[in-house]
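The values are calculated or read from the model by the stated rules, or taken from the named source; none is laboratory data. What you see is a predicted model, and the numbers here were worked out from it, not measured in a lab. No Cβ is skipped: glycine too gets one built from the backbone with ideal geometry, and neighbour counts run over all protein chains shown. For accessibility, only protein heavy atoms count, side chains too; no ligands or nucleic acids. Shrake-Rupley method; radii C 1.70, N 1.55, O 1.52, S 1.80 Å.
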Amino acid sequence: MIRISVRVFALLAMVVACGGQGPSAGALGGDCLPENQCNDGLSCREDVCVDEGLRTQVLGETLRDLDVLFVIDNSNSVRDLHTALVANFETFTNVLSTLEGGLPNLHIGVVSTNLGAGTAIAGCEGNGDNGVLQNTARGDCEPPTDRYILDLAESDGGRRTNYQGALVDAFSCIAELGEAGGCGFDQHLESMRRALDGSNSQNQGFLREDAMLAVILLSDKDDCSTEDAVMFGTETSELGPLSTFRCFEFGVACNPDEPREAGVHEDCVVRENSQYMYGTEEYADFLRSLKDPSIPISFSAVAGVGPVVVGNSNGKPTLEASCGLDGGRPAEPAVRIADVAGRMGMPGPFSVCEGVDLTAAAENIVSMLRGQCVANAELAACTFADVRNYGATEEARVQDLPLCDSASSGPCMQLVPNSSNCQDALTEVVIDRRGTAAPENTAVVAFCPR
């Protein structure tokens with residue numbers, strides 16, 4: 001059995017020749033053969049052979065470019081988390097350095113969760129940091145010369161950087177946001193979107209087209225990304241007291257759907273049809289829209305993990321800490337953040353109550369950079385095949401690789417969740433050649449429905 005690494009590459013449905021001889025008849029982008037026929041795996045559309053499915057190539061290449069966005073809660077209660085994050089950062093980069101060739105070519109950005117609340121609440125004035133990458137020195141230190149940290153490998157074996165000293169010191173200089181006095185209405189997901197959607201010209205250059213994207217959230221509260229600022233208005237019977245409990249009430253739905261009722265709330269999910277807050281499905285869709293399917297995306301969080309419990313303080317509903325009650329650091333349950341992780345095919349939040357440990361997140365990133373693991377099992381809908389002369393005009397589908405089962409007698413394919421080669425929710429693709437060699441000059445290609 002041969003275990004192969006997985007990278008996903010989208011291929012244009014039609015190859016257009018710019019001068020010289022074009023694709024041959026029957027090949028991708030070529031004229032259809034008689035009776036509207038094309039080579040295996042292709043269809044004839046308007047007299048041209050096209051691929052009607054998304055094609056993904058299985059390769060063993062290692063991706064070397066990595067953009068990491070840290071979305072950091074900067075409300076006053078989390079100063080200790082920032083200290084722990086910086087303390088663990090060197091371990092994070094040490095794991096990244098186990099990638100073939102050493103530390104990837106890095107862009108590292110930091111954005112706060114403060115988007116303001118349009119109110120006079122301390123720390124919530126206006127639009128807050130509005131998704132702008134933070135590069136203000138926090139203390140007596142030297143920040144990077146750009147809005148983000150740049151650390152790239154040079155051909156002579158050195159590194160090109162935009163900071164002085166050690167990488168961990170540059171990160172510490174811009175990441176310890178606790179003294180900034182941020183807004184308590186933490187909008188992690190919307191801040192992430194504004195940092196990456198191109199709306200902030202200051203962030204230009206951070207996101208590279210062909211680099212893997214890794215988003216890492218750090219917070220002791222759940223996301224409160226708000227579409228309608230009315231939610232931050234003064235107390236009414238509908239809105240209730242002006243407090244962060246509104247983030248739970250209008251952002252999460254449980255069974256029964258009585259958010260202000262004290263006690264344990266079960267079967268809690270994101271309230272996608274909230275009248276005030278964004279649903280989370282659109283944030284997962286947004287992340288996927290940033291990259292060609294060839295480029296992996298990692299979404300990790302260190303946040304609250306545990307049951308949802310509503311309490312009461314002076315007659316006002318409160319969301320209680322779900323973990324850390326046994327002496328660890330308390331944190332509220334991150335239902336919305338966990339939902340985005342699940343939609344991205346990634347493991348749920350790592351418990352912030354147990355400390356800020358980025359080791360598992362870094363291991364996931366490395367396995368995805370290696371092409372060893374995929375972030376979800378959507379490939380189960382694909383059909384695999386050995387393809388000779390992949391991408392060339394002479395391309396030909398040699399043989400299919402069906403899912404392995406007891407009836408399989410030839411080469412076949414398995415999707416292996418929870419593989420020892422992949423972390424947590426990631427999935428490994430395994431090709432079982434049944435003792436035979438791969439056909440000469442072929443690549444394993446997946447043909448997936450759009």
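Here is how the numbers come out for the structure above:
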{"read-out": "Sole residue being within 24 Å of Gly233 (Cβ to Cβ), of a type in the set (Val, Ile, Thr) and surrounded by 20 or more Cβ atoms within 10 Å (Cβ to Cβ), chosen from Val310, Val302", "value": "Val310"}
{"read-out": "When residues of the range 386-426 are limited to those that are within 30 Å of Ala301 (Cβ to Cβ) and assigned to a strand (DSSP E or B), the one nearest to the chain's Cα centre (by Cα)", "value": "Pro417"}
{"read-out": "Given (1) in contact with a Phe, Trp or Tyr (Cβ under 6 Å, 6 or more places away or on another chain); (2) buried (at least 21 other Cβ atoms within 10 Å of the Cβ); (3) farther than 20 Å from Leu319 by Cβ, index of the condition Arg193 fails", "value": "(2)"}
{"read-out": "Considering residues of the range 402-433 that are at pLDDT 80 or above and small (Gly, Ala, Ser) only, the residue farthest from Thr383 (Cα to Cα)", "value": "Ser409"}
{"read-out": "Out of Leu177, Leu207, Leu213, sole residue that is closer than 16 Å to Tyr148 by Cβ, open to solvent by 20 Å² or more (accessible area, probe 1.4 Å) and among the aliphatic types (A, V, I, L, M)", "value": "Leu207"}
{"read-out": "Test for Gly371: is it open to solvent by less than 30 Å² (accessible area, probe 1.4 Å), modelled with pLDDT of 85 or more and assigned to a loop (DSSP other than H, G, I, E, B)", "value": "no"}
{"read-out": "Subset of the range 307-349 (residues that are within 24 Å of the chain's Cα centre (by Cα) and part of a loop (DSSP other than H, G, I, E, B))", "value": "Glu332, Ala334, Met344, Gly345, Met346, Pro347, Gly348, Pro349"}
{"read-out": "Of all residues in the range 83-127 being closer than 19 Å to Asp223 by Cα, touching a strand residue (DSSP E or B) at 6+ places or on another chain (Cβ under 7 Å) and not aliphatic (A, V, I, L, M), the one that is modelled with the lowest pLDDT", "value": "Gly123"}
{"read-out": "Qualifying residue in the range 134-157 (condition: crowded, with 24+ Cβ neighbours inside 10 Å and in contact with a Lys or Arg (Cβ under 9 Å, 6 or more places away or on another chain))", "value": "no"}
